[in-house]
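Comments concern the structure below.
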Amino acid sequence: MDSILVTGNGPLNGDIPIAGAKNACLTLMPATLLSEDPLTLTNAPRLSDIKTMTALLQSLGAEVSSLNAGNVLAMSSHGLTTQRAEYDIVRKMRASILVLGPLLARFGYAEVSLPGGCAIGARPVDLHLKAMEAMGAEMDLRDGYVHAKAPAGGLKGGIVEFPFASVGATENALMAATLAKGTTEIRNAAREPEIVDLADCLRKMGAQIEGDGTSTITIQGVDRLGGATHRVVTDRIELGTYMLAPAFCGGEVTCLGGKISLLEAFCEKLDAAGISVEETDKGLKVARKNGRVQAVDVTTEPFPGFPTDLQAQMMALLCTAEGTSVLEEKIFENRFMHAPELVRMGAQIDVQGGTATVHGVERLKGAPVMATDLRASVSLILAGLAAEGETRVSRVYHLDRGYEHVEEKLSALGAKIERISGE
């Protein structure tokens, strides 16, 4: 099993390319199931999760080709052979549930295994199922599978109202509604950039969608969708992660293609912590303003609030801030599993339920640590970059689900980091 060895060695400087968004691409790929015509995605990230979604689509009979060293995905669903998404693939990744809406909308029937993914708390699929029911579908959960059946004549437009904004459920409902008869209104919809990116792609395919990026999305169903070519939006979580690198280590780093609009709440917290963020023609230029990072309080919220997927990285940074910081996790329970590993590096963190209190120390010390999930893994790497001595991060298979070529990207900035294979 691979591990990452990091040695703290001073400031980082240079440009770092930011990949296409994992969470956007994993949503865009199932959209191919809505049409017989080809769908091509450019700026695709090269990640293990993308390979898992590729395998899932291929298991349904879709054609998926990876071109241009993996940055282009050419897909076609003209000859699907089944509407059953099997457990062996679906269990690996929660995003697999996103084939439910497209299959049900186009074929009137779908069987999808209950999904798996990172162990960061309960993420039930009930909102996905209720969205399909709001469009007239009959849902039956048995033997570990969701059995979904559309009414005669296909899904019907309806009111889909979520008790809270769910990104995945909004995406599933949005795709299903594009082929439903009549008008569908999604209320309390998620507003993330990945939702807007999906809507942009669906519009290129011929969908009629308004209101994406707001809490109410209106979809007028059409009889069929066509093909399209679409560029995947910049990954705002990778962007935020690498923006923190010079905050940990000093120096000046430009994150290529970055925009403040993707991470306004995050950028506000960086400013309060004493970190400069400047938008340029190339991207976002980031540097510490002067001296030690200052403590700030953070509460995770749905977009446009502070992203839960940047909480672990921000906690790691605040471990060496001047003062005491309080982090509240309001999206996922069990998302402080990285805290004990940071404590192994000398951090002072007290976790009580969904709140973590971090008392800043002068400097962390390198230690052997274990990644517990995707974002925790990269937070430990960042901490290691600024720690005294060596930090060895094990179980980095989590890392490969969401970050491509981490060692190469950080090494190019001057970091001392290497992958140790197969131990």
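The values are calculated or read from the model by the stated rules, or taken from the named source; none is laboratory data. Please read all numbers here as calculations on a predicted model, not as lab measurements. Cβ sites come from the backbone with ideal geometry, for glycine too, and all protein chains shown count toward neighbours.
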Which members of the range 379-419 meet the condition of being surrounded by 23 or more Cβ atoms within 10 Å (Cβ to Cβ) and under 19 Å from ASN23 (Cβ atoms)?
SER379, LEU399, GLY402, TYR403
For the range 386-411, give me the residue count where each residue is modelled with pLDDT of 95 or more, more than 15 Å from ARG46 (Cβ to Cβ) and part of a helix (DSSP H, G or I).
2
Residue that is basic (Lys, Arg), in contact with a Lys or Arg (Cβ under 7 Å, 6 or more places away or on another chain) and modelled with pLDDT of 95 or more, where the choices are LYS181, LYS204
LYS181
Among the residues of the range 362-378, is any in contact (Cβ under 8 Å) with a residue 60 or more places away in the chain, touching a Leu at 6+ places or on another chain (Cβ under 8 Å), buried (at least 22 other Cβ atoms within 10 Å of the Cβ) and of a type in the set (A, V, I, L, M)?
yes
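Any idea which of MET243, MET205 is assigned by TED's automatic domain parsing to the domain that holds LEU385 and either within 19 Å of GLN311 (Cα to Cα) or not β-branched (Val, Ile, Thr) (or both)?
Residue meeting the stated conditions: MET243.
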Might you check whether a residue that is surrounded by 15 or more Cβ atoms within 10 Å (Cβ to Cβ), at positive phi and touching a residue at least 40 places away in the same chain (Cβ under 8 Å) occurs anywhere in the range 61-78?
no
Can you tell me how many residues within the range 344-376 are farther than 24 Å from GLY402 by Cα, outside any loop (DSSP other than H, G, I, E, B) and of a type outside the set (D, E, K, R)?
9
Within the range 332-378, count every residue that is more than 14 Å from ARG392 (Cα to Cα) and either of a type in the set (A, V, I, L, M) or in contact with a Lys or Arg (Cβ under 6 Å, 6 or more places away or on another chain) (or both).
11
So which residues in the range 322-338 are outside any loop (DSSP other than H, G, I, E, B) and either more than 21 Å from ALA273 (Cα to Cα) or of a type in the set (Gly, Ala, Ser) (or both), if there are any at all?
SER325
Positions within the range 305-325 being surrounded by fewer than 22 Cβ atoms within 10 Å (Cβ to Cβ) and touching a strand residue (DSSP E or B) at 6+ places or on another chain (Cβ under 7 Å), in sequence order:
THR308, ALA321, GLU322, GLY323, THR324
Number of the condition not met by SER215 [criteria: (1) of a type in the set (S, T, N, Q); (2) touching a Leu at 6+ places or on another chain (Cβ under 9 Å); (3) within 24 Å of ALA169 (Cα to Cα)]
(2)
Please name all residue pairs, on different chains or six or more residues apart, with Cβ atoms under 7 Å, provided the first residue is in the range 400-412 and is polar (S, T, N, Q) and the second residue is surrounded by 15 or more Cβ atoms within 10 Å (Cβ to Cβ).
SER411/ILE417
If a residue counts only when it is touching a Phe, Trp or Tyr at 6+ places or on another chain (Cβ under 7 Å) and of a type in the set (A, V, I, L, M, F, W, C), which helices (runs of 4 or more DSSP H) contained entirely in the range 197-300 have at least 3 such residues?
none
Out of the residues in the range 243-273 that are within 11 Å of ALA19 (Cα to Cα) and not aliphatic (A, V, I, L, M), which is surrounded by the fewest Cβ atoms within 10 Å (Cβ to Cβ)?
GLY257
Considering each of LEU317, LEU342 in turn, give the residue that is free of Cβ contacts under 8 Å to residues at least 60 places away in the same chain and either under 16 Å from LEU385 (Cα atoms) or not assigned by TED's automatic domain parsing to the domain that holds ARG375 (or both).
LEU342
Quick one: in the range 147-156, of everything that is closer than 15 Å to LEU129 by Cα and surrounded by 19 or more Cβ atoms within 10 Å (Cβ to Cβ), which residue is nearest to the chain's Cα centre (by Cα)?
ALA148
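Here is a yes/no grid of residues against (1) crowded, with 19+ Cβ neighbours inside 10 Å; (2) among the small types (Gly, Ala, Ser); (3) in the same structural domain as GLY61 (by TED's automatic domain parsing); (4) at pLDDT 95 or above:
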| residue | (1), (2), (3), (4) |
| --- | --- |
| TYR109 | no, no, yes, yes |
| GLY121 | no, yes, yes, no |
| ALA131 | yes, yes, yes, yes |
| ASP143 | no, no, yes, no |
| VAL160 | yes, no, yes, yes |
| SER166 | yes, yes, yes, no |
Can we say GLY20 is in contact with a Gly (Cβ under 8 Å, 6 or more places away or on another chain) and not charged (D, E, K, R)?
no
Taking the criterion of being of a type in the set (S, T, N, Q), touching a helix residue (DSSP H, G or I) at 6+ places or on another chain (Cβ under 9 Å) and under 14 Å from ALA312 (Cα atoms), would at least one residue in the range 348-362 satisfy it?
no
